[in-house]
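Asker: Okay, handing you the structure first.
The values are calculated or read from the model by the stated rules, or taken from the named source; none is laboratory data. In this text the structure is predicted, and so the values were computed from the model without any measurement. Reconstructed Cβ throughout: ideal geometry from the backbone, glycine too, with neighbour counts over all protein chains shown. For the accessible areas, the whole protein counts, side chains as well, though only heavy atoms, and no ligand, DNA or RNA atoms are used. Shrake-Rupley method; radii C 1.70, N 1.55, O 1.52, S 1.80 Å.
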Amino acid sequence: MAIFLTAKLAGVEAAKLIRQGNSLQCSVCSSIIVTVPANWVEGKPLHGLQCPTDQKHFLVHLDNASAMKEMRARMRARENKPLQTLEIAHNRAEHMVEVYKDFQPLESVRVQLKYLLGLAKNEHADYSRLKDIIVGVYAAREFEAIDIEFAKMLYAVEEVVAELRRNANDGHVSSLI
Ligand SMILES: [Zn+2]
């Protein structure tokens, strides 16, 4: 098993070495580079490689387009508060009705956003419909082509939904507020 200094390696090259069973060493802090996911094994998707000490030392994304979208949405969701993320998307959807009248995907997204807002604001506690939220699907299929900003908002909403689902499972129903 060989050790390679990461500074000299391009991402694809680094991934190839890892897949061949080699270990890589961070050229800044000498930590052994870890895989994302951490328990990655050959045959499973390898999303990235990073220095466990600091991503600034070494970070490579090896994802396909959809995984990149998820990651960007996660970052966006982290920047905004969850409730704010929902409100921004909801407001945008309400304005879009003026342009896209009777557009079924938009109507569906509006209903879903209204439900999510109610949940996030504790106006109701109906978690049963969380599993039906598919605003991310609509974002990819319908809205990326006509309104990329709105699509990005919906990806961020999906991150909030993931959070709500975790809360529902943990019983922490109001931790978003
Ligand atoms: Zn390092």
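Asker: Is it the case that Ala67 is modelled with pLDDT under 85, in contact with an Asp or Glu (Cβ under 7 Å, 6 or more places away or on another chain) and in a helix (DSSP H, G or I)? Outline the logic, then answer.
Answerer: On the way: modelled with pLDDT under 85: yes; in contact with an Asp or Glu (Cβ under 7 Å, 6 or more places away or on another chain): no; in a helix (DSSP H, G or I): yes.
No: the conditions fail for Ala67.
Asker: Still on this model: Of all residues in the stretch 83-97, which are of a type in the set (A, V, I, L, M, F, W, C) and surrounded by 14 or more Cβ atoms within 10 Å (Cβ to Cβ)? Spell out how you get there, then give the answer.
Answerer: Residues of the stretch 83-97 that are of a type in the set (A, V, I, L, M, F, W, C), as a first pass: 83, 86, 88-89, 93, 96-97.
Matches in the stretch 83-97: Leu83, Leu86, Ile88, Ala89, Ala93, Met96.
Asker: On to the next question. Any chance you could count how many residues in the stretch 6-50 are surrounded by 13 or more Cβ atoms within 10 Å (Cβ to Cβ), within 12 Å of the ligand (Cβ to nearest atom) and either at positive phi or assigned to a strand (DSSP E or B) (or both)?
Answerer: Residues that pass the stated criteria total 5.
Asker: Is there any pair linking a residue in the stretch 6-35 that is under 14 Å from Leu62 (Cα atoms) and without any contact (Cβ under 8 Å) to a residue 24 or more places away in the chain to one that is part of a loop (DSSP other than H, G, I, E, B) and more than 14 Å from the ligand (Cβ to nearest atom), with Cβ under 7 Å and at least six apart or on different chains, and which?
Answerer: Partner pairs satisfying both residue conditions: Thr35/Leu46.
Asker: Being open to solvent by less than 40 Å² (accessible area, probe 1.4 Å) and not in a strand (DSSP E or B) is the filter; apply it to the stretch 51-62 and report the residue that is nearest to the ligand (Cβ to nearest atom). Talk me through it step by step, then tell me what you get.
Answerer: Kept after step one, since they are open to solvent by less than 40 Å² (accessible area, probe 1.4 Å), are these residues of the stretch 51-62: 51, 58, 60.
Within this subset, residues satisfying the condition of being not in a strand (DSSP E or B) are 51, 58.
On the way: Cys51: 3, Phe58: 6 Å.
Within the stretch 51-62, the match that is nearest to the ligand (Cβ to nearest atom) is Cys51.
Asker: Here is a further query. Looking only at helices (runs of 4 or more DSSP H) that fall completely inside the stretch 98-177, which ones have 2 or more residues that are small (Gly, Ala, Ser) and surrounded by fewer than 20 Cβ atoms within 10 Å (Cβ to Cβ)?
Answerer: Values: elements: 104-120, 135-138, 148-170.
Fully inside the stretch 98-177 and qualifying: 104-120, 148-170.
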